[in-house]
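**Q** Before I ask anything, here is the structure I am working with.
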Amino acid sequence: MQSRREGGLAGELAEAVAALEAAGVDAPRHDAEALLAHVLDVSRSRLASGRELSAEQLERYRRLVERRAGREPLQHIVGSAPFRYVEVEVGPGVFVPRPETELLAGWAIDVLRDLPISARRSVVDLGTGSGAIALALATEVPEAAVHAVELDGEAFAYAQRNLTGTGVDLRHGDMAHAFADLDGTVDVVVSNPPYIPLDAYDAVQTEARDHDPAAALWSGADGLDAIREVERVAARLLRPGGWVGCEHADAQGESAPAVFSGSGRWSGVRDNLDLAGRLRFVTARRV
Ligand SMILES: C[S@@+](CC[C@H](N)C(=O)[O-])C[C@H]1O[C@@H](n2cnc3c(N)ncnc32)[C@H](O)[C@@H]1O
């Protein structure tokens, strides 16, 4: 079978980068390398170690690059997404977890770890999607009781697969009525709910708009409908002194915290930055 040496591989990579750049992909070199690593079944860091590409692999690589140039999300093409120290299966029908949400999960992990070890620590992930946050919590705080809920049937099926064998208590349903059995007892509630205003359609990246489920993106005229629900549900679930952390759009750095401070059910309402320095998630403590 015909094969290409490293020089050919570098040329192929350069062509892929150029094609992705021309298509308006955000990080063309990263994605071209990630797709090549996927085809070769190696990590990106091992791409330079003198590998060859068979004719079949070359054809496959070109097909995948074409799909990515058509703005299909990289994670759908490779079938998984990294999230902190874990990897989750993703694809059509489920929201692709984003790097900015890793900080929200990290906040919840820190709060859980700081709690006294006398009681079993408990945490609820509202709108778990692929189960990324719940899986990170269960992996990094193994002694915690992790609960998660998802409304959408397709997303729930991904969460089921991603959380199999982890001990996470995963439920299918609306967060509004979820976990009535835990009312007033939970230590931490965490959520990355839908939060994009309906009229912001044109501002949303093609990959998200065309491939993330609508139920994971849009949330009423001001984008705050689901955040208002998270506020109500968290107030119901948390014990006095329990913590809530909820992600929002960078443009909601004032309006999302106001949902919490306006209800009179929270102390210490503050907003937190993501890695790019943008206001990204509100945290508060149940009075
Ligand atoms: C932005 S996605 C986040 C998914 C995941 N937590 C993450 O960070 O990758 C929001 C998720 O909330 C789910 N969702 C929306 N409304 C819900 C509700 N009322 N009850 C439960 N889940 C809901 C959506 O189906 C979607 O999977």
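Computed from the coordinates by the stated procedures, all read-outs in this text should not be read as laboratory data. Values in this document were obtained by computation on a predicted structure and should not be read as measured data. Every residue, glycine as well, gets a Cβ built from its backbone with ideal geometry; the counts of neighbours run over all protein chains shown.
**Q** Rounded to the nearest 5, what % of DSSP beta bridges with both residues in segment 73-161 are antiparallel?
**A** 45 percent
**Q** For segment 245-263 and segment 180-232, what is the separation of their Cα centres, given in Å?
**A** The two parts, judged by their Cα centres, are 12 Å apart.
**Q** What is segment 3-70's relative contact order, in percent, from Cα pairs under 8 angstrom and six or more apart in sequence?
**A** 45 percent
**Q** Hey, another quick one. When the chain is modelled as a GNM with alpha-carbon springs shorter than 10 Å, which of Val90, Val141, Val230 fluctuates the most?
**A** Val141
**Q** Hey, another quick one. Going by how many other Cβ atoms sit within 10 Å of their own, how do Val149, Val269 line up, fewest first?
**A** So the ranking, lowest neighbour count to highest, is Val269, Val149.
**Q** Points 7 angstrom from Cα along the Cβ direction at Thr164 and Thr206: gap in nanometres?
**A** Each label point lies 7 Å from its Cα, and together they span 3.5 nm.
**Q** Work out how much length Ile117 to Ser45 would gain on full extension: take 0.36 nm times their residue separation and subtract the Cα-Cα distance, in nm to one decimal.
**A** Computed gain between Ile117 and Ser45 is 22.0 nm.
**Q** Run the simple label-point estimate for Arg60 and Ser263 please: 7 Å along Cα→C-beta, distance reported in nm.
**A** Those two pseudo-labels are separated by 4.9 nm.
**Q** In a GNM of the chain with a 10 Å cut-off on Cα contacts, which of Gly167, Gly242, Gly131 has the highest mean-square fluctuation?
**A** Gly167
**Q** State the antiparallel share, in %, of DSSP beta bridges confined to the chain, rounding to the nearest 5.
**A** Given both bridge residues lie in the chain, the antiparallel proportion sits at roughly 45 percent.
**Q** Helix-only estimate, please: 222 nm mean residue ellipticity of the chain, summing -39500 (n - 2.57) across DSSP H runs of length 4 or more and dividing by its residues, to the nearest 500.
**A** -12000 deg cm²/dmol
**Q** Relative contact order of the chain, please, whole-number percent, based on alpha carbon pairs below 8 angstrom and at least 6 residues apart.
**A** After rounding, I find 14 percent.
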